[in-house]
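Below: the structure, in structure tokens.
The values are calculated or read from the model by the stated rules, or taken from the named source; none is laboratory data. The model shown is predicted, which means the values in this text are computed figures rather than measured ones. Cβ coordinates were reconstructed from backbone atoms using ideal geometry, including for glycine residues, and neighbour counts include every protein chain displayed. SASA here: full protein model, heavy atoms, side chains in, ligands and nucleic acids out. Shrake-Rupley method; radii C 1.70, N 1.55, O 1.52, S 1.80 Å.
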Amino acid sequence: MRKPIIAGNWKLHKTISESCELATQLVADLSDIDDIDVVIAPVFTALSAVAETLKGSSIQLAAQNCFPETSGAFTGEVSPDFLQDAGCNYVIVGHSERRQLLNETDAFINQKLLKVITTGLKPILCIGETLQQRQNDQMQEVLRTQLKGGLGNLSAAQMAPMVIAYEPVWAIGTGKTATNDQAQEAHRFIRNLLQQIYNSEIAAQTRIIYGGSVKPDNVAGLMQQEDIDGALVGGASLKVADFSRIVRFEK
Ligand code: PEP
């Protein structure tokens, strides 16, 4: 059985004190949740302080990015080792905003995934097509390229901690959610690709989560889909009431 995971991507929002305040409220609101992995991803500067706030709770901490080295002359970068030192359990890799704004390639994303996994952290690999690619009937091709390129030569054993987030770019921060059927179709396609690249065991065990304007209103329908194992939530993860309802699949 795949344990559901709901992850909140706070992007470039919230100061250290605001992040701790939100984390404190979530710890209180979600103290009864033990059947779902709840993950929050604050900005780098707030990670250590939020890690302290989360101590003793089951909410886990993610970083929004990393650099695929341990340490050295890499000005401005942060490695998985240092993220682990700050208290992180997960790292988001290959978010579409980074692919688009910072020209991240699948090859670079592959290096990050490898480093995250060898450091002992869990990656959340984001893939997804733009509106134009969907309209040009290229969704499958894009997902195949990003998945194969991102995973590169990761072994089946290295896939154990992997979470894949299907995030259609046209649904991120736009208020447009994929329909339940559209999301399920893409998730099924990704699971079939995992079977082709690896085997049926990896395909069955890997958690594939949906991201793109997830809200309390649409989470229940998405979570009822056979191949949807959770959500990566942007905007709605900044509001304690909304995120708590999403974690409970409640309107
Ligand atoms: C995201 O940033 O990964 C995301 C899905 O954002 P939103 O929920 O705001 O669309």
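With over 24 Å from Glu104 (Cα atoms), out of contact with any Leu (no Cβ under 8 Å at 6 or more places or on another chain), in contact (Cβ under 8 Å) with a residue 12 or more places away in the chain and crowded, with 20+ Cβ neighbours inside 10 Å as the only criterion, which of Val214, Val219 stands out? Lay out the reasoning, then the answer.
Numbers: Val214 fails: out of contact with any Leu (no Cβ under 8 Å at 6 or more places or on another chain).
Just a single option satisfies the conditions, and that option is Val219.
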Taking the condition of being closer than 23 Å to Gly211 by Cβ, charged (D, E, K, R) and in contact with a helix residue (DSSP H, G or I) (Cβ under 6 Å, 6 or more places away or on another chain), how many residues in region 73-113 meet it? 2
Is there a residue being open to solvent by 30 Å² or more (accessible area, probe 1.4 Å), closer than 28 Å to Met223 by Cβ and among the hydroxyl-bearing types (Ser, Thr, Tyr) anywhere in region 104-112? no
Here are some residues: Gly149, Gly235. Which one is within 14 Å of the ligand (Cβ to nearest atom), open to solvent by 20 Å² or more (accessible area, probe 1.4 Å) and either under 28 Å from Lys112 (Cα atoms) or among the hydroxyl-bearing types (Ser, Thr, Tyr) (or both)? Gly235
The one condition Thr24 fails out of (1) open to solvent by less than 20 Å² (accessible area, probe 1.4 Å); (2) closer than 26 Å to Asp229 by Cα; (3) of a type outside the set (Phe, Trp, Tyr) is (1)
State the number of residues belonging to region 27-49 that are closer than 22 Å to Pro123 by Cβ, open to solvent by 30 Å² or more (accessible area, probe 1.4 Å) and not small (Gly, Ala, Ser). 2
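Output yes when any residue across region 191-203 is open to solvent by less than 30 Å² (accessible area, probe 1.4 Å), under 17 Å from the mean Cα position of the chain (by Cα) and within 16 Å of the ligand (Cβ to nearest atom), and no when none is. Before the answer, list the steps.
Filtering region 191-203 for residues open to solvent by less than 30 Å² (accessible area, probe 1.4 Å) gives 191, 193-194, 202-203.
Subsequent filtering for residues that are under 17 Å from the mean Cα position of the chain (by Cα) retains 191.
Those still in the list that are within 16 Å of the ligand (Cβ to nearest atom) too: none.
No, there is no match, as no residue in region 191-203 is open to solvent by less than 30 Å² (accessible area, probe 1.4 Å), under 17 Å from the mean Cα position of the chain (by Cα) and within 16 Å of the ligand (Cβ to nearest atom).
Here is a list: Arg207, Arg188. Which entry is surrounded by fewer than 16 Cβ atoms within 10 Å (Cβ to Cβ) and either free of Cβ contacts under 8 Å to residues at least 60 places away in the same chain or farther than 16 Å from Gln140 by Cβ (or both)? Working first, answer last.
On the way: Arg207 fails: surrounded by fewer than 16 Cβ atoms within 10 Å (Cβ to Cβ).
That would be Arg188, the only listed residue that is surrounded by fewer than 16 Cβ atoms within 10 Å (Cβ to Cβ) and either free of Cβ contacts under 8 Å to residues at least 60 places away in the same chain or farther than 16 Å from Gln140 by Cβ (or both).
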Among (1) closer than 29 Å to Gln25 by Cβ; (2) open to solvent by 20 Å² or more (accessible area, probe 1.4 Å); (3) more than 15 Å from the chain's Cα centre (by Cα), the one test that Pro161 misses: (3)
